[in-house]
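Asks: I'd like to ask some things about the structure below.
The values are calculated or read from the model by the stated rules, or taken from the named source; none is laboratory data. This is a predicted model, so every value here is computed, not measured. Methodologically, a virtual Cβ is constructed for each residue, glycine included, from the backbone with ideal geometry; neighbour enumeration extends over all protein chains shown.
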Amino acid sequence: MSDKSPSYGLLSQTSGIEETKSARFQRHLPASIGFQWLKAGWQDLFHRPMPSLAYGLGIFLLSLAAVAMLALYGRDYILFPALAGFMIIAPLLAIGLYEKSRNREAGRDTSLREMLLVKPAAGPQVLFTGVLLSLLMLLWMRSAVLIYALFFGVRPFPGLPHITAFLLTEPVGWIILGVGTAVGGLFASFAFAISVFAIPMLLDRKVDALTAMGTSTALVWNNLAPMIVWGAIVLALFILCAATGLIGLIVIFPWLGHATWHAYRAVSDTQA
């Protein structure tokens, strides 16, 4: 009588299939490869830099206008969540930068007009992805308001100077920061996984939005070490932008956009 029952053989076969599928998304990249992507992105940025810098200036002005609108209409209480939520939709906003990097690979130059009027291979699937990312950002902002309400109850927002001092100097403020960071980290990690390669893929290939997001998640999960380092690099540079009053977006946003294209090219595969 055989030692292996039919069910054992089926389980082994299923396990083998899963391992094969997982191997399709593994690239065995060093954890520090993100710095090579930054170097390649820097080269793209300063190859005919004006379109990229103009693109970054446009992102800066849009961000400044959004902050001004929040302050003008008394919505400054969601300023911090809105700044964090910006990272969720940033891959979508950078699609024109991916186009410049893609054209440079092919030996073509790209004008600012071509970057703004980019035509993705996936067509309207990019818009569908953008709607999903925007909804995710709104959900995060609503969660941040609920966290505030849980700790402060239904009371008027005391203003940014007061709340900033409270968060940084009071023990309860530290708890709020910890909870907010943990919840925001979950949102950011999920958004990063589904979008970091999905938007470049929708530009580059004719695939549907859900396939692109699923593939992006699989690529991130199966190349976790380099992607954690890359996520940390992106976060550090975004914090630098915030510390400069968002002026740093003019250079850092296009730099990261071009670098993300090289990350996509290194991690993606035509058969993945």
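Asks: Against the condition in a helix (DSSP H, G or I) and modelled with pLDDT under 95, how does Gly245 come out, does it pass?
Replies: no
Asks: Out of (1) modelled with pLDDT of 80 or more; (2) surrounded by 13 or more Cβ atoms within 10 Å (Cβ to Cβ); (3) more than 25 Å from Ser32 (Cβ to Cβ), what's the single condition that is false for Gly178?
Replies: Result: Gly178 passes all but (2).
Asks: Follow-up. Evaluate the following for Leu97: is it under 22 Å from Leu57 (Cβ atoms), out of contact with any Leu (no Cβ under 7 Å at 6 or more places or on another chain), part of a helix (DSSP H, G or I) and among the hydrophobic types (A, V, I, L, M, F, W, C)?
Replies: In short, yes.
Asks: Let me spell it out: the conditions are (1) surrounded by 13 or more Cβ atoms within 10 Å (Cβ to Cβ); (2) at pLDDT below 95; (3) not acidic (Asp, Glu), and Trp255 meets all of them except one. Which number is the exception?
Replies: Trp255 satisfies every listed condition except (2).
Asks: Where the second residue is surrounded by 18 or more Cβ atoms within 10 Å (Cβ to Cβ) and assigned to a loop (DSSP other than H, G, I, E, B) and the first is touching a residue at least 60 places away in the same chain (Cβ under 8 Å) and lies in the range 111-131, which pairs have Cβ atoms under 6 Å and are six or more apart or on separate chains?
Replies: Sorted first by the residue in the range 111-131, then by its partner, the pairs are Val126/Pro120.
Asks: Here's something else I'd like to know. Any residue in the range 85-96 that's under 16 Å from Glu114 (Cα atoms): show its pairings with residues that are in a loop (DSSP other than H, G, I, E, B) and not acidic (Asp, Glu) at Cβ separation under 9 Å, as long as the two are six or more apart or on different chains.
Replies: Hits for this filter: Ile95/Val118; Ile95/Pro120; Gly96/Thr110; Gly96/Leu117; Gly96/Val118.
Asks: Taking the range 44-73 only, how many residues are in contact (Cβ under 8 Å) with a residue 60 or more places away in the chain and either loosely packed, with under 12 Cβ neighbours inside 10 Å or in a helix (DSSP H, G or I) (or both)?
Replies: Residues in the range 44-73 being in contact (Cβ under 8 Å) with a residue 60 or more places away in the chain and either loosely packed, with under 12 Cβ neighbours inside 10 Å or in a helix (DSSP H, G or I) (or both): 14 in total.
Yes or no, residue by residue, for (1) more than 17 Å from the chain's Cα centre (by Cα); (2) under 15 Å from Tyr264 (Cα atoms):
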position	(1), (2)
Gln43	yes, no
His47	yes, no
Ala54	yes, no
Pro81	no, no
Ile95	no, yes
Arg113	yes, no
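Asks: When the residues of the range 126-168 are filtered to those that are at pLDDT 75 or above and β-branched (Val, Ile, Thr), which remaining residue is nearest to Ile95 (Cα to Cα)?
Replies: Among them, the one singled out is Val126.
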